[in-house]
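Note sheet for the following structure.
The values are calculated or read from the model by the stated rules, or taken from the named source; none is laboratory data. Please read all numbers here as calculations on a predicted model, not as lab measurements. Because the Cβ atoms are built from the backbone with ideal geometry, glycine has one as well, and the counts that use them run over all protein chains shown.
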Amino acid sequence: MEANIQQKKRIFSGIQPTGQLTLGNYIGALRNFKLLEDEYDCLYSIVDMHALTVRQNPAELRKACLRTMAIFLASGLDPQKNIIYFQSHVHEHAELNWYLSCFTYMGELQRMTQFKDKSAKHADNINAGLFTYPVLMAADILLYMSDMVPIGADQKQHLELARNIAQRFNGVYGDVFVVPEGYFPKVGARVMSLQDPTRKMSKSDPEETYIAILDKPDVIRRKMRRAKTDSENCVEFDPENRPGVSNLMSILSALSGMSMEEISETYSGKGYGPFKDAVADSVISALEPIQNEYERISADKAYLESVMQDGADRASRIAHKTMLKVRKKLGIAPLKL
Ligand code: ATP
Ligand code: LTN
């Protein structure tokens, strides 16, 4: 059985249940999850322990966890084909996190740009978890011997660190971990904020800066119309000088399959109005089916619970095997001699 599972390459990815999932999460990560489910053996985790690096309201976090799970399922991920589960339900993540932290250098963590950004954002709570966050992420990935990790461009640096940790560990103990590769979308790997297109769209920023996967059509249209562009009325892909328009073009291209040239030809010289409406239309038609499914799935608590339990069981079985190997290699005392 296990041998069969291992014939397919393995994929792991995680999304934090912090607030509302955004169009950036969808284009950068979630959409690819579905595309990979037939060819690979996939684990998709709601990384709730990562979410605690920023102070959370418990009732809100609990809701966000279930909402994220329902969005995973509503986006079409099949829980039979994929292992969909909560990070905190598999205790081995925390254990491997500790072991790997002993193979990670302070200097490496100090270079992480997400740590620098988040420390600036949460200057009153620069906790040790925020600093060691990438080690837990490495543990998530390495625990399942993952070959590939579908992520947005903002996670490239963290993945590189996970690779370095795996290689360092393997250098000492032999080939224990698989060294994972990143999988990035061709267009839309970094969807930018609608209000400050030099920054990435982020679910922990103010509402008007992002489109939530669950935003209704009128809200999407309004946010798109208000999205920052420039005064030149020129639909041309130039991220450096026209970050706002270029961001909207990337969104349209990622969702419609149109090339940048086609978009330019179709919408240049007509003012930004029709262009922004077209972007809004493409977003609405991509998100509408997910929203309809979401309504149905989120009302079915028994189903959500069964997916959670099954995911935790299946993930735990793999995690358990990895940890037996890791503990043995490290010389950690086994219970049975
Ligand atoms: P937060 O704002 O709470 O830090 P986030 O919006 O960055 O959250 P995560 O849960 O950290 O979201 O990310 C989940 C996945 O979505 C990751 O693979 C990440 O690379 C991807 N992602 C997040 N934001 C974007 C974006 N703006 N463009 C493309 N991909 C993104
Ligand atoms: N760090 C990621 C979320 C995340 C993740 C992972 C992504 C946690 N563990 C493992 C891929 C694989 C983020 O902030 N977007």
Within segment 231-243, the residues that are over 19 Å from Met258 (Cβ atoms) and surrounded by 14 or more Cβ atoms within 10 Å (Cβ to Cβ) are Asn233, Pro243
Any hit, segment 234-245, residues being closer than 29 Å to Lys121 by Cβ, part of a helix (DSSP H, G or I) and in contact with a Pro (Cβ under 8 Å, 6 or more places away or on another chain): yes
Scan segment 17-24 and tell me whether some residue there is more than 10 Å from ligand 1 (Cβ to nearest atom), more than 26 Å from Gly129 (Cα to Cα) and touching a helix residue (DSSP H, G or I) at 6+ places or on another chain (Cβ under 8 Å). no
Give the number of residues within segment 173-193 that are without any contact (Cβ under 8 Å) to a residue 40 or more places away in the chain and away from ligand 2 (no atom under 16 Å from the Cβ). 2
State the number of residues belonging to segment 260-292 that are surrounded by 13 or more Cβ atoms within 10 Å (Cβ to Cβ) and either aliphatic (A, V, I, L, M) or farther than 18 Å from Glu232 by Cα (or both). 15
Which of the residues spanning segment 110-150 are under 16 Å from Thr53 (Cα atoms), among the charged types (D, E, K, R) and in contact with a strand residue (DSSP E or B) (Cβ under 8 Å, 6 or more places away or on another chain)? Asp140
Here the qualifying pairs (Cβ atoms under 7 Å; residues six or more apart or on different chains; first in segment 5-34 and modelled with pLDDT under 95; second within 8 Å of ligand 1 (Cβ to nearest atom) and part of a helix (DSSP H, G or I)) come out as Thr18/Ala51
Could you say whether any residue in segment 75-90 is within 16 Å of ligand 1 (Cβ to nearest atom), part of a helix (DSSP H, G or I), surrounded by fewer than 20 Cβ atoms within 10 Å (Cβ to Cβ) and polar (S, T, N, Q)? yes
So, Phe86, is that one farther than 19 Å from Arg317 by Cβ and either more than 12 Å from ligand 2 (Cβ to nearest atom) or not charged (D, E, K, R) (or both) or not? no
Unique match (being in contact with a Pro (Cβ under 6 Å, 6 or more places away or on another chain), in contact (Cβ under 8 Å) with a residue 24 or more places away in the chain and within 16 Å of ligand 1 (Cβ to nearest atom)) among Met112, Met137, Met148: Met112
Odd one out for Ala162 among (1) buried (at least 18 other Cβ atoms within 10 Å of the Cβ); (2) hydrophobic (A, V, I, L, M, F, W, C); (3) closer than 21 Å to Phe12 by Cβ; (4) more than 11 Å from ligand 2 (Cβ to nearest atom): (4)
Scanning for something in a loop (DSSP other than H, G, I, E, B), buried (at least 20 other Cβ atoms within 10 Å of the Cβ) and either within 16 Å of ligand 1 (Cβ to nearest atom) or of a type outside the set (Ser, Thr, Tyr) (or both), does segment 56-73 turn up at least one residue? no
Filter pass, Asp48 being surrounded by fewer than 17 Cβ atoms within 10 Å (Cβ to Cβ) and among the acidic types (Asp, Glu): no
So for segment 117-133 (the condition being closer than 16 Å to Leu43 by Cα, surrounded by 17 or more Cβ atoms within 10 Å (Cβ to Cβ) and within 13 Å of ligand 1 (Cβ to nearest atom)), does at least one residue qualify? no
